[in-house]
1. Within region 283-296, can one find any residue that is of a type in the set (Gly, Ala, Ser) and touching a Cys at 6+ places or on another chain (Cβ under 8 Å)?
2. Being open to solvent by 50 Å² or more (accessible area, probe 1.4 Å) and more than 20 Å from Val265 (Cβ to Cβ) is the filter; apply it to region 146-165 and report the residue that is nearest to the chain's Cα centre (by Cα).
3. Checking the conditions here, which among Phe54, Phe93 is hydrophobic (A, V, I, L, M, F, W, C), touching a residue at least 40 places away in the same chain (Cβ under 8 Å) and in contact with a Gly (Cβ under 6 Å, 6 or more places away or on another chain)?
4. With outside any helix (DSSP H, G or I), surrounded by 19 or more Cβ atoms within 10 Å (Cβ to Cβ) and of a type in the set (A, V, I, L, M, F, W, C) as the only criterion, which of Leu254, Leu298, Leu337 stands out?
5. Looking at region 196-207, can you tell me whether even one residue there is open to solvent by 60 Å² or more (accessible area, probe 1.4 Å) and part of a helix (DSSP H, G or I)?
6. Could you pull out the residue among Tyr113, Tyr72 that is open to solvent by 10 Å² or more (accessible area, probe 1.4 Å), touching a residue at least 24 places away in the same chain (Cβ under 8 Å), closer than 30 Å to Tyr303 by Cβ and assigned to a helix (DSSP H, G or I)?
7. Return only the number of the condition from (1) in contact with a helix residue (DSSP H, G or I) (Cβ under 7 Å, 6 or more places away or on another chain); (2) more than 20 Å from Ser278 (Cα to Cα); (3) in contact (Cβ under 8 Å) with a residue 12 or more places away in the chain that Ser194 does not satisfy.
8. Taking region 83-93 as the search range and keeping residues that are open to solvent by 10 Å² or more (accessible area, probe 1.4 Å) and under 10 Å from Gly261 (Cβ atoms), which one is nearest to the chain's Cα centre (by Cα)?
Amino acid sequence: MSMAQQAEPAVGTPPAPGPGGRDGRTAERPLALRILARPEVGVFLGAVAVLVFFLVAAPAVRQGGSMATVLYQSSTIGIMALPVALLMIGGEFDLSSGVAVVSSALTASMLSYQLTLNVWAGVIVALVVSLGIGAFNGWMVVRTGLPSFLVTLGTFLILQGVNLAVTKLVTGNVATDDISDMDGFDQARKVFASSFDIGGVQVKITVVWWLAFAALATWALLRTKYGNWIFAVGGNKDSARAVGVPVDFTKITLFMAVGFGAWFVGMHQLFSFNTVQSGEGVGQELIFIAAAVIGGCLLTGGYGSAIGPVFGAFMFGMVNQGIVYAGWNPDWFKAFLGVMLLGAVLINLWVQRTATRR
């Protein structure tokens, strides 16, 4: 056989067209598999199951006031779970997010009180500090190449010590002074910690902020170039860099988004209770990460959504309050969370495997 004959492409019979004139090579996957491929499907089903369970087991949950409390508990977790989830999709972790919330509140409270400033001055400075902490974490990760687990663990320990030491040094106590009678407090409280009435039920403003942030995060993730960058750097940062994605910028801004979330939740805590305990926040970072994982975000990065963590946070709030309304021992709360986390991981694994089948 000649070389020309060897190079000549083989001509075969194309596959028979399928329904609608499409052949097997271009046939779309079934609708059910495309729905299952969404990362939030598993947690949505889990959230519905948890809600139905507690509606039956704890009749008090059926009351409007009880559900408002559940939503409030969910919102305080969910606001932070959103940027944590985006960061995880980008392939990184932030173990300092829990104590960063307290750092933000302490900064705003002590600066305003000690310098007798309008509380909005403290709020703005706290925002700068929170964004700075996030930028520092991101810069350290991209400049050193160290795992974000190690970098943010170091930040966690630093902030934990600074929170306690500086508070004792400035106030002589482990808590800040009451700022409820200072200028600007009432206006700030309306923004961060007010309530409004719906059908005779008091709903916290954080629920509105939570849903608004979720909508914004979903739009950014699915409808903007920046969202594509997040998925790209989480999937494979070297490949993303090779096609022109600004990997360092994306990662640093994701850490800063976590800082923004910490600032907002910190302001809510400050203007809800008028004072801040410097030792709080430890362990909350695991709750935020767990809500994101339950919401369908992979620990390996490159996969997830902003809607999933909303349902994940709701499950946390539902279990937290549902145990109380059911009259059970609240010591079982962490055990329930562990079961939820393992169950969510297994469900997500099953959903992904099912969705990839032809």
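1. no
2. Only one residue tops the list, namely Phe149.
3. When all the criteria are applied, what remains is Phe54.
4. Exactly one residue qualifies, and that residue is Leu298.
5. Checked against the condition, which is being open to solvent by 60 Å² or more (accessible area, probe 1.4 Å) and part of a helix (DSSP H, G or I), region 196-207 yields no hits at all.
6. Selected residue: Tyr72, the only one of Tyr113, Tyr72 that is open to solvent by 10 Å² or more (accessible area, probe 1.4 Å), touching a residue at least 24 places away in the same chain (Cβ under 8 Å), closer than 30 Å to Tyr303 by Cβ and assigned to a helix (DSSP H, G or I).
7. Every condition holds for Ser194 apart from (3).
8. Pro83
The values are calculated or read from the model by the stated rules, or taken from the named source; none is laboratory data. Nothing here was measured: the structure is a model prediction, and the numbers come from that model. Neighbour counts run over all protein chains shown; Cβ positions are idealised from the backbone, glycine included. In case anyone asks, the SASA skips ligands and DNA or RNA and just uses the protein heavy atoms, side chains included. Shrake-Rupley method; radii C 1.70, N 1.55, O 1.52, S 1.80 Å.
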